[in-house]
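Read-outs: derived from the displayed coordinates by stated rules, not from any lab. What you see is a predicted model; the values in this text were computed from it and never measured. All Cβ positions, even for glycine, are placed from backbone atoms using ideal geometry, and neighbour counts span all protein chains on display.
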Amino acid sequence: MYQPINSLDIPENKMQELKSTGYYHCKDVDTDNPLWDVLTRTPETKTALDLYHEEQKMGSIRTFIDHFDDALGGGIPIGKITEFCGESGTGKTQLCFQLCVTVQLPSWCGGLDGAAVFLSTNQSFATHRIRQIALGVVNHYEFIKTKHLVHRKRKVEELCVDKIMGNISHIYITDHIELMAVLIKLKQFINDHPMVRLVVIDSISAPLKTLNGQERTTVVFNFFREVQRLSQEFCFAIVITNDLTTRIGSGSAAYQTPSLGGSYYHRINLRVELEKKSSPVFKAIITKNALKPEREIEFTLLA
C-alpha cells in the first residue's frame with residue numbers, strides 16, 4: 001500500500017518514530033505486527049453536533065469573578081488554550097493561582113472537583129500567595145455552603161487550605177528543552193492523577209528567549225500541538241501567561257504587543273490582555289474569544 005503513514009490515526013510522536021526509522025508508507029511497515037490493524041484503522045468521523053456536545057460536557061473552570069466568567073463565556077474552557085498577557089504586575093500569575101484553587105471546588109457550587117499542575121519558568125510560584133487565595137476561597141465556600149445546607153438539607157463536601165495546596169503540583173522549567181521534555185512526564189502524571197483539570201504555564205515566553213525566530217516558531221508549534229491534544233484526551237484546560245514585547249510599526253512608531261508573534265497567536269483559543277488600574281483593581285480586555293465579542297471589564301482578585 002502506498003498510503004502515507006501520516007494518514008493513519010496514530011499519535012504524532014509515534015508517527016515521527018516511524019519516519020525516523022525509514023517508514024513513510026503503510027507498505028513499509030511489517031503487517032504481521034499485532035498492532036497493525038489498530039494503526040491502519042480509519043480515523044473516527046464525528047459531526048459538528050457531536051463535537052459541540054463533547055465540548056459542552058467538558059465544561060469550564062470558573063474564576064468566581066462573575067462578570068469575568070460571563071465575559072469569557074462561562075469561564076476558562078477545558079480542552080482549549082487560554083492566554084493571559086500583559087506587563088509585570090498586571091495580575092497574570094495571580095489569576096493562575098486563583099484558578100488552581102477554584103478548579104478544586106465541588107461541582108455542586110460550580111467547580112470541577114479537580115486538581116492543577118503549575119509549570120513555572122520564571123520562579124513565580126509563590127506558596128504564601130496561593131495559601132492566601134485558598135483561605136479566601138475556603139471562607140467563601142463556607143458561606144455558600146451554609147446557604148446551600150439551608151435550602152437543600154443535605155451534607156456537602158468539606159474543604160480546607162492544606163487539601164487545596166496538596167492538589168496543586170509544581171514543576172520548574174528552565175529552558176525550551178525541559179519544556180518539550182515535560183510533555184512526556186505530563187502525560188504519565190495525568191494518567192496517574194486523572195483529576196487534573198488545569199495545566200498552567202507561567203510564563204511561555206521565558207524559556208524561549210534564547211531561540212531565534214524559526215527555532216522558536218517550531219518549538220511553539222510542536223509544544224502546543226501536543227499539549228492541546230493531551231488536554232482534549234484527558235479533559236483539562238491550558239492556561240498560559242505571556243509577556244509584552246516592543247515592535248516597530250508603520251512610520252517607525254513603537255508599540256507593545258504580546259510576545260512570540262502571529263504564528264503563536266493562531267495556536268491559542270482565548271487571549272486576555274491584563275492591565276493594572278489601581279490596587280487592587282485590574283482591567284481585562286478579552287481580545288480573542290470564539291464565544292463572545294471583544295469586551296473590557298474591571299475586577300479584583302479573591303483575598
For Q256 paired with M165, estimate the spin-label separation in nm (one decimal), with each label point 7 Å from Cα along the Cα-to-Cβ line.
-> 3.3
Taking region 152-259, which trypsin sites (Lys or Arg not before Pro) meet the DSSP loop condition and have no more than 15 other C-beta atoms within 10 Å?
-> K153, R154, K155, K209
What FRET efficiency comes out for the pair N191/W108, r = Cβ-Cβ distance, R0 = 25 Å, nearest 0.05?
-> 0.35
What is the extension gain from A181 to N139, computed as 0.36 nm multiplied by their sequence separation minus the C-alpha to C-alpha distance, in nm to one decimal?
-> 11.3 nm
Normalising by the residue count of region 58-300, find the relative contact order in percent from Cα pairs under 8 Å and 6+ residues apart.
-> 29
Diffing region 226-242: the Karplus 3J(HN,Hα) column from phi (6.51, -1.76, 1.60, θ = phi - 60°), in whole Hz with x for Gly and Pro, holds 6, 5, 6, 4, 5, 5, 7, 6, 10, 6, 9, 8, 10, 10, 10, 10, 9
At 7 Å along the Cα-to-beta-carbon direction for both S263 and E55, put a label point, then send me their distance in nm to one decimal.
-> 2.6
Give the Cα extents of region 58-300 along the principal axes, in whole Å, largest first.
-> 65, 40, 33
